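The values are calculated or read from the model by the stated rules, or taken from the named source; none is laboratory data. In this text the structure is predicted, and so the values were computed from the model without any measurement. Cβ coordinates were reconstructed from backbone atoms using ideal geometry, including for glycine residues, and neighbour counts include every protein chain displayed. Keep in mind that these areas ignore ligands, DNA and RNA; they rest on the heavy atoms of the full protein, side chains included. Shrake-Rupley method; radii C 1.70, N 1.55, O 1.52, S 1.80 Å.
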Amino acid sequence: MLPRLLLTPGEPAGIGPDLVVAAAQRAWPAELVAVADPELLRERAERLGLPLELREVDFGEDPREHESGRLRVLPVPLAAPAQPGVLDERNAEYVLETLRQATRACQQRHADALVTGPVQKSIINAAGIPFTGHTEFLAEMTGTALPVMMLAAGKLRVALATTHLPLREVPDAITQERLRAVLQVLNDDLESRFGIRRPRILVCGLNPHAGESGHLGREEIEVIRPVLDELRAQNWRVEGPLPADTLFTPRHLDGADAVLAMFHDQGLPVLKFAGFGEAVNITLGLPIIRTSVDHGTALELAGSGRADHGSLESALHTALQLVQRGQASG
């Protein structure tokens, strides 16, 4: 059956609606459904000078191939009119409601995958709603104990042992139990969703020079290495702990299927340098397929027509590939 992909534009004052409207301008071998306020999409399309015909989705019908300039929509009303570039706390709940409805539709198998636009965490928190990011929100909604955040740019895939944590909390969060569980999710999803048999995973150390034999920290000796030794004894292809400053070089990356970084800013700057604007954020470990863009809301570009929609298109392509691979193997 033709895949059905759901899109949540994210922050209504940002470039998310622009990206959705732009993506709708080309044909896709899937049905695209925007989970959003239809008037927001119409207004943004008018600003951009792009044609957009909206039709409410009927989950009782079979998906139809997306046609240029047309878009299915699952309506979610804004709390207040959205002005490009101007954040409004009143619409914080709207952003979360689009995610809730899209996630439920995927859980109920009305749709095959969720592709998310960028959110503005600060305005959601300013509205009094605790929110640390898509990854944690979707994990809570789906009852996932341990989601794993992975970004991909071309052949480079970087997963994270911890996600949105203050740096001073990272060492305490990296336990043998957590590291073992993260590697299990990463290994399993590389095999089941990406079709990679016995993936080769490179694991970063936490400290500079991977701890310098304990002189710059003992996490590598006491936490990371014992887990990797245990997994290697089970015939896993895991290497490390390796110094992060030299791991991301062709000599090490050649033939690697993924890198596991210990914290957000250890791995993602390299990934985004390699493919910013075309990289894809993929949440592993969820019972649904979720991909996303690799960038923020870019409020200053909203409604201008200057936003680069490459990352959203990459996220759509990746979601489509994951759905098709799952259909073929299922």
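The figures follow:
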item	result
Residues of segment 62-115 that turn out to be over 30 Å from GLN324 (Cβ atoms) and not aromatic (Phe, Trp, Tyr), as a count	17
Subset tally (residues that are surrounded by 13 or more Cβ atoms within 10 Å (Cβ to Cβ) and part of a strand (DSSP E or B)) for segment 49-63	1
Within segment 64-80, considering residues that are surrounded by 13 or more Cβ atoms within 10 Å (Cβ to Cβ) and within 21 Å of LEU99 (Cβ to Cβ), the one farthest from the chain's Cα centre (by Cα)	ALA79
Residue match in segment 93-101 (condition: basic (Lys, Arg), open to solvent by less than 60 Å² (accessible area, probe 1.4 Å) and modelled with pLDDT of 95 or more)	yes
Within segment 24-48, tally of residues that are within 17 Å of SER314 (Cα to Cα), open to solvent by less than 10 Å² (accessible area, probe 1.4 Å) and either among the charged types (D, E, K, R) or not assigned by the TED database to the domain that holds SER314 (or both)	1
Some residue of segment 233-252 being closer than 30 Å to LEU6 by Cα and in contact with a helix residue (DSSP H, G or I) (Cβ under 8 Å, 6 or more places away or on another chain)	no
Cβ pairs under 6 Å, 6+ apart, first in segment 226-254 and open to solvent by 80 Å² or more (accessible area, probe 1.4 Å), second not charged (D, E, K, R)	none
Any hit, segment 295-305, residues being touching a Ser or Thr at 6+ places or on another chain (Cβ under 7 Å), open to solvent by less than 10 Å² (accessible area, probe 1.4 Å) and assigned by the TED database to the domain that holds GLN120	no
Yes/no for PRO241 being more than 30 Å from ILE289 (Cβ to Cβ) and assigned to a helix (DSSP H, G or I)	no
Of residues in segment 199-225 being in a loop (DSSP other than H, G, I, E, B) and of a type in the set (A, V, I, L, M), the one least open to solvent (accessible area, probe 1.4 Å)	LEU206
Failed condition for ALA274, given (1) touching a strand residue (DSSP E or B) at 6+ places or on another chain (Cβ under 6 Å); (2) in the same structural domain as ASP189 (by the TED database); (3) at pLDDT 95 or above; (4) open to solvent by 20 Å² or more (accessible area, probe 1.4 Å)	(3)
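Each row is one residue, and each column tells you yes or no for (1) open to solvent by 10 Å² or more (accessible area, probe 1.4 Å); (2) in contact with an Asp or Glu (Cβ under 8 Å, 6 or more places away or on another chain); (3) not hydrophobic (A, V, I, L, M, F, W, C).
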{"residue": "LYS155", "(1), (2), (3)": "yes, no, yes"}
{"residue": "ALA161", "(1), (2), (3)": "no, no, no"}
{"residue": "ARG180", "(1), (2), (3)": "yes, yes, yes"}
{"residue": "ASP188", "(1), (2), (3)": "yes, no, yes"}
{"residue": "GLU191", "(1), (2), (3)": "yes, no, yes"}
{"residue": "ARG197", "(1), (2), (3)": "yes, yes, yes"}
